[in-house]
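J.: First, the structure itself, so that you have it in front of you.
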């Protein structure tokens, strides 16, 4: 259990009074569920655990309440699944529901990227995804939110044998694949699954062989090493374009439907991959769904991401998703999102230029290591929410 990590950081300095225990139990419960803790048996159980200094156990008990899934996990998953990457946009999408399902079932959290099933609601999977219906669904209830591997009723044309978690579901898919050239899928991955800005995903020395034909090699008219391409453009595109092939068969029609084509013209590669091909005709032409890690020659980038050395390329979104799910940075990002969800920022830290309440150099490493091993997101919430910095103890 996770309590061992917290011995030094959450041990009470003095006996906790009954009223203090009740107050802390209320705070833990509200942070974990977004709802108040009413007087009754649950409050008694949680306050007893707090008085016994079993803070993590109290938080885990709170996580069994419906609000943990319906409110907290919904908020936690929101920015990953809309184009604006806005945490306040909690309009339910299929991919959000899937993340909530994985958390509710205590499944390995890597399933949000690699799972082959998909969420079903009331056996149909429509009402809760439609903001015009005003339906408020209890997704903590297994009879309301379930899963299926049968033919999809929500995510349209993505076949079951290539399904890959949120990457092939509406929400994340509509944010990533609509219009553009599918580079947005990589931006969404970098920003929301790695918690890194596009700036932090640049590499000076990655392979430029996969940069597309739509990228000018002399955007400022200077083709030399002092030009804009060599000084700036290549740093982003070399990383992004090598990975972009993973999504070559994916598209979104703007009306909420995802499409997947593995045959037909250009072997199924979406037409968007040929846009502006005349900008630099000698650039890389995508002909299949092969993806390559081009920054393997960049030790700093490999170390920053904790990218698995045995997963430097593959075919299709599923193999790419598996690689992402094995990086350390994915788990570090999810821990950071938990902190953002249940541990409010200290305004004094923000004034000092720090955007966090908890010092990530201290808090993240042991929790990330454990999370990568057991992959249980509920445990992460329970550990973070009871930190003294979060509870004000």
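Only the coordinates and a few stated rules stand behind these numbers; no lab work does. None of the values given here were measured: they were computed from a predicted structure. We place every Cβ from the backbone using ideal geometry, glycine too, and count neighbours over all the protein chains shown.
J.: Using only Cα atoms, tell me the angle between helix 18-33 and the longest principal axis of the chain; keep it within 0 to 90° and round to the nearest 10.
T.: On a 0 to 90 degree scale, this one is about 20.
J.: Using the beta-carbon distance between residue 373 and residue 19 and R0 = 51 Å, what value does 1/(1 + (r/R0)^6) give for FRET efficiency, to the nearest 0.05? Could you put the intermediate results ahead of the total?
T.: Working: r = 38 Å, r/R0 = 0.75.
It comes to 0.85.
J.: Moving on. Between residue 312 and residue 106, 0.36 nm times their residue separation minus their Cα-Cα distance comes to what? Before the final figure, lay out each step's value.
T.: Working: separation 206, 0.36 × 206 = 74.16 nm, distance 2.94 nm.
Contour length minus Cα-Cα distance gives 71.2 nm.
J.: Highest mean first, how do 285-296, 232-243, 216-227, 305-316 rank when packing is the count of other Cβ atoms within 10 Å averaged over residues? Could the numbers behind the result be given before it?
T.: On the way: 285-296: 19.9, 232-243: 22.7, 216-227: 13.0, 305-316: 15.8.
So the peptides 285-296, 232-243, 216-227, 305-316, ranked by packing, come out 232-243, 285-296, 305-316, 216-227.
J.: Just grab the label-to-label distance for residue 285 and residue 303, each label 7 Å out from Cα along the Cβ direction, in nm (one decimal).
T.: Rounded to a tenth, the inter-label distance reads 4.1 nm.
J.: Rank the residues 78, 319 as a footprinting-exposure proxy: fewest other Cβ atoms within 10 Å of their Cβ go first.
T.: Numbers: 78 22, 319 18.
The most exposed by this proxy come first: 319, 78.
J.: Let me ask something else. Taking the beta-carbon count within 10 Å as an exposure proxy, list 210, 29 from fewest neighbours to most. Each step should come with its number before you reach the end.
T.: Numbers: 210 22, 29 26.
Exposure proxy ranking, most exposed first: 210, 29.
J.: So, one more: Taking just the alpha carbons, could you work out the radius of gyration and Dmax for segment 39-129, both in angstroms?
T.: In order Rg, Dmax, the Cα atoms of segment 39-129 give 15.7, 45 Å.
J.: Once the cut-off is 18 Å, how many percent of the Cα-Cα pairs in segment 134-240 end up in the long-distance tail?
T.: Working: 3657 of 5671 pairs.
Of all Cα-Cα pairs in segment 134-240, 64 percent lie more than 18 Å apart.
J.: Hey, with R₀ at 25 Å, roughly what FRET efficiency would residue 122 and residue 161 work out to, going by the Cβ-Cβ distance, to 0.05?
T.: 0.45
J.: Using a 10 Å cut-off around each Cβ, can you sort 111, 359 from fewest to most neighbouring Cβ atoms?
T.: Working: 111 19, 359 11.
Neighbour counts put them in this order, fewest first: 359, 111.
J.: Nearest 10 degrees is fine. How inclined is helix 234-244 to the longest principal axis of the chain, computing both from alpha carbons?
T.: Helix 234-244 and the main axis of the chain meet at about 80 degrees.
J.: Now, a different point. Would you mind checking the tilt of helix 94-104 against the longest principal axis of the Cα atoms of the chain, expressed as 0 to 90 degrees and rounded to 10?
T.: The angle comes out near 40 degrees.
J.: Rounded to the nearest 5, what % of DSSP beta bridges with both residues in segment 71-325 are antiparallel?
T.: Given both bridge residues lie in segment 71-325, the antiparallel proportion sits at roughly 85 percent.
J.: Relative to the present Cα-Cα distance, how much length would full extension add between residue 226 and residue 85 at 0.36 nm per residue of separation?
T.: On the way: separation 141, 0.36 × 141 = 50.76 nm, distance 3.45 nm.
Gain in length upon complete extension: 47.3 nm.
J.: Which option, (i) -0.45, -0.57; (ii) -0.21, -0.29; (iii) -0.26, -0.36, is the value of log10 I(q)/I(0) by the Debye sum over Cα atoms at q = 0.06, 0.07 Å⁻¹ that was calculated from these coordinates?
T.: (iii)
J.: I'd like the FRET efficiency for residue 197 and residue 136, computed as 1/(1 + (r/R0)^6) with the beta carbon distance as r and R0 of 45 Å, rounded to 0.05. Walk me through the numbers before you get to the answer.
T.: Details: r = 35 Å, r/R0 = 0.78.
With R0 = 45 Å, the Cβ-Cβ based efficiency is 0.80.
J.: Moving on to the next point. Give me the distance in nm between label points sitting 7 Å out from Cα along the Cα-to-Cβ direction at residue 35 and residue 144, one decimal.
T.: Those two pseudo-labels are separated by 0.9 nm.
J.: With n ≥ 4 as the cut-off for DSSP H runs, can you work out [θ] at 222 nm for the chain, using -39500 (n - 2.57) per run divided by the number of residues, rounded to the nearest 500?
T.: On the way: 17 runs with 147 residues, N = 393.
Calculated mean residue ellipticity at 222 nm is -10500 deg cm²/dmol.
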